[in-house]
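What follows is a single structure, written as structure tokens, with notes after it.
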Amino acid sequence: MSCRLCDELYDSFVISLLPYAIKHNEDIIIDGYISSKIYYQLTTYLIPLLCKAFNKKLIKLETNVKEIYYNGTGVGASISCGVDSFYTLLKHQNQKDEKYNITHLTFFNAGSNGEYGGEKARALFNKRVEYVGKFCEENNYNLITIDTNINEFLMMNHEKTHTFRTLGCVLALQKLFSKYYFASGLPFDGSHIDESDTAFYDILNVQCFSNENISFYCSGIETTRLEKIKYISNFKETYNWLTV
């Protein structure tokens, strides 16, 4: 399905490019607007914490800020048909408050198909879209895909940047979503800032990337990988579709 991208706010771009700016000690100057909430959270918490943890100089974020409310009602999560994404999907089917049930699944060409991009990564992305598309069609889920050139621009290791790449794409869809579940690969008790993998500090990122329109949640931090496998094994959807 298609939906209208957010073009009034540069939230998507500032989040996606933040790892590059920190790595190369580059200030970010935006001739436009980002959401007021993201500006506060980045400049007050995330940028100082990451620059200090990675032994980089404190970079500046210069931009205009604005509060825009799109009032989207969609609830999203990524779908790769792996353990983490299936756990997130199955956990959010029958919530007591139906506003927390997933309505849309996403799949992005933002690094997982090839962290440096190119035609090989794009070919794998298209192949995987076909696979997850068939799953969504069979199980009546709306699927949204995004192909982006962020991989060719960043030229950085995927593990070091994947939360930024993925949620940057989601922020481009903030006219649709009110909530988005980011499937964490690690439990909360391992949380700390580690340059090797953003999964170690997903809980910090999802807080700092949330804005006036989207609340991000770090799904799965309350449990372990083996407990996730035990949970999803109770659902027949995983029997033919699980990829490992």
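Around the Cα centre of the chain, unit charges on the Cβ atoms of Lys, Arg, Asp and Glu (plus for the first two, minus for the last two) sum to a dipole of about 280 debye.
Among the listed pairs Lys52/Lys160; Lys37/Lys160; Lys91/Lys236; Lys96/Lys179; Lys91/Lys179; Lys23/Lys175, those with a Cα-Cα distance over 22 Å are Lys37/Lys160; Lys23/Lys175. Rounded to the nearest 5, the antiparallel percentage of DSSP beta bridges internal to the chain is 0%. So, in nm, how far is label Lys96 from label Asp27 when the simple model puts each one 7 Å beyond its Cα toward the Cβ? About 5.0 nm, to one decimal.
Spread over its residues, the convex hull of the C-alpha atoms of region 194-244 is 128 Å³ per residue. Percentage of Cα-Cα pair distances in region 167-222 greater than 13 Å, rounded to whole percent? The proportion of pairs with Cα distances above 13 Å equals 57 percent. Expressed as a whole percent, the proportion of Cα-Cα pairs in region 55-169 lying more than 17 Å apart is 64%.
Normalised by residue count, the chain yields a Cα convex hull volume of 122 Å³ per residue.
Taking all Cα-Cα distances within region 102-175, those exceeding 18 Å account for 40%.
Each residue of region 125-142 is assigned a 3J(HN,Hα), and the resulting list reads 4, 5, 5, 6, 4, 4, 5, 5, x, 5, 4, 5, 5, 5, 10, 6, 10, 6 Hz, derived from the Karplus form 6.51 cos²θ - 1.76 cosθ + 1.60 (θ = phi - 60°), x at Gly and Pro.
The mean sequence distance of close C-alpha pairs (under 8 Å, at least 6 residues apart), as a share of the length of the chain, puts its relative contact order at 27 percent. Dividing the convex hull volume of the alpha-carbon atoms in region 104-244 by its residue count gives 120 Å³ per residue.
Note on Asn234 and Lys134: the extension gain reaches 33.9 nm, defined as 0.36 nm multiplied by sequence separation minus the Cα-Cα distance.
Magnitude of the charge dipole for region 1-136, about its Cα centre and with charges confined to Cβ atoms of Lys, Arg (+1) and Asp, Glu (-1), is about 420 debye. Measuring from centroid to centroid over Cα atoms, what is the spacing of region 150-192 and region 2-70 in Å? For region 150-192 versus region 2-70, the Cα centre distance is 14 Å.
For the pair Tyr69 and Leu226 in one chain, pulling the backbone fully straight at 0.36 nm per residue adds 52.6 nm over the alpha carbon distance.
Extension gain, Trp241-Arg4: 0.36 nm per intervening residue step, less the Cα-Cα distance, totals 82.3 nm.
Expressed in units of 2.2 N^0.38 Å, where N is the residue count, the Cα radius of gyration of region 1-84 is 1.29.
Values in this text are rule-based calculations from the coordinates and carry no lab data. Treat the numbers as computed from the prediction; the structure is a model and nothing was measured. Methodologically, a virtual Cβ is constructed for each residue, glycine included, from the backbone with ideal geometry; neighbour enumeration extends over all protein chains shown.
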